[in-house]
Amino acid sequence: MSTPRFIADLHLGHRNIYKYRRVFDSTKHNDLYFIRILQEYCKKRDTMYFLGDICFDEFYLDMIKELPGQKILIAGNHCTEYIPMKKLVEVYDDIHALLKYKDFWLSHAPLSDVELRGKRNIHGHVHAQSVPDIKYLNTSVDSEFMRFLPRTLHEVRQAFETMESTGLHFYGLDDREDALEVIMSDPVSKAAYEWAKKEAERISVFQ
């Protein structure tokens, strides 16, 4: 059985991302971490839904293209700011501005409440500033729900059930110590983080 997964706002190649995503020491550290994570989680029979703002630099397009499985992009506000659409369509299996998926809307930025039409919204864009409404789930990697990893459809459904039962929503991870603790608590993210840190330091020596 195939597994759908979701992830948003990797910001690969965004020169200043480490100034906002303070758990990483440099842009290269951020980029290498998420590339390694995608390599771990993208499987041949699965589908990865990229909910926008994935790449700021064409350099990473080939790496994304080589990932196994189906890759669907929900275009974000930065997706075509630095990369033309004609190059994106060569990388992703499908590209949408907005997609109705099962009982959800998939979008980059959160939709207006009046546009939900009885569905719930899986989105990105807001990073650590999640919408304080249980009808919305933030899949920006900086969110408390995502914890710097892709999440499955099953985990998404569980998250909505948790919000509905408690009336609470997920916040963001924007504190460096807390964020690092979260990464180190998972063996996959821990290994990816430590590898990316060493590799980014090695590359910087030769640049």
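See the values below:
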quantity	calculated
Matching residues in segment 1-11 - criterion: being out of contact with any Cys (no Cβ under 9 Å at 6 or more places or on another chain) and buried (at least 22 other Cβ atoms within 10 Å of the Cβ)	Phe6, Ile7, Ala8, Asp9
Search result, residues across segment 145-169 that are more than 18 Å from Arg36 (Cα to Cα), in contact with a strand residue (DSSP E or B) (Cβ under 6 Å, 6 or more places away or on another chain) and in a loop (DSSP other than H, G, I, E, B)	none
Options Ile74, Ile17, Ile37: the member that is under 15 Å from the mean Cα position of the chain (by Cα), within 19 Å of His125 (Cβ to Cβ) and at pLDDT 95 or above	Ile74
Segment 89-103, subset of a type in the set (A, V, I, L, M, F, W, C) and in contact (Cβ under 8 Å) with a residue 24 or more places away in the chain, residue most open to solvent (accessible area, probe 1.4 Å)	Leu98
Segment 180-190 - residue that is part of a helix (DSSP H, G or I) and without any contact (Cβ under 8 Å) to a residue 40 or more places away in the chain and, of those, surrounded by the fewest Cβ atoms within 10 Å (Cβ to Cβ)	Pro187
From Glu66, Glu81, residue being open to solvent by 70 Å² or more (accessible area, probe 1.4 Å) and modelled with pLDDT of 95 or more	Glu66
Identity of the residue in segment 110-137, in contact (Cβ under 8 Å) with a residue 60 or more places away in the chain and either in contact with a Gly (Cβ under 8 Å, 6 or more places away or on another chain) or not hydrophobic (A, V, I, L, M, F, W, C) (or both), that ends up most open to solvent (accessible area, probe 1.4 Å)	His125
Among (1) under 14 Å from the mean Cα position of the chain (by Cα); (2) open to solvent by less than 50 Å² (accessible area, probe 1.4 Å) - the single one Glu144 does not satisfy	(2)
Count of segment 170-179 residues which are part of a helix (DSSP H, G or I) and surrounded by 17 or more Cβ atoms within 10 Å (Cβ to Cβ)	1
Restricting segment 191-202 to residues that are open to solvent by 40 Å² or more (accessible area, probe 1.4 Å) and either outside any helix (DSSP H, G or I) or not charged (D, E, K, R) (or both), the residue that is nearest to Val131 (Cα to Cα)	Ala191
Qualifying residue in segment 12-27 (condition: closer than 23 Å to Ala191 by Cα, touching a helix residue (DSSP H, G or I) at 6+ places or on another chain (Cβ under 7 Å), small (Gly, Ala, Ser) and open to solvent by less than 50 Å² (accessible area, probe 1.4 Å))	yes
Segment 103-130, residues that are hydrophobic (A, V, I, L, M, F, W, C), within 15 Å of the chain's Cα centre (by Cα) and assigned to a loop (DSSP other than H, G, I, E, B)	Ala109, Val126, Ala128
Meets criteria (under 20 Å from Arg157 (Cα atoms) and of a type in the set (Asp, Glu)) for Asp113	yes
Scope segment 49-68; condition over 19 Å from Leu106 (Cα atoms) and of a type outside the set (Asp, Glu); matching residues	Phe56, Phe59, Tyr60, Leu61, Met63, Ile64, Lys65, Leu67, Pro68
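The values are calculated or read from the model by the stated rules, or taken from the named source; none is laboratory data. Quick caveat, the model's predicted, so the values are computed rather than measured. A quick note on method: Cβ atoms are made from the backbone with ideal geometry, for glycine too, and the neighbour counts reach across all protein chains shown. Each accessible area value is taken on the protein alone, full model and side chains, heavy atoms only, with ligands, DNA and RNA left out. Shrake-Rupley method; radii C 1.70, N 1.55, O 1.52, S 1.80 Å.
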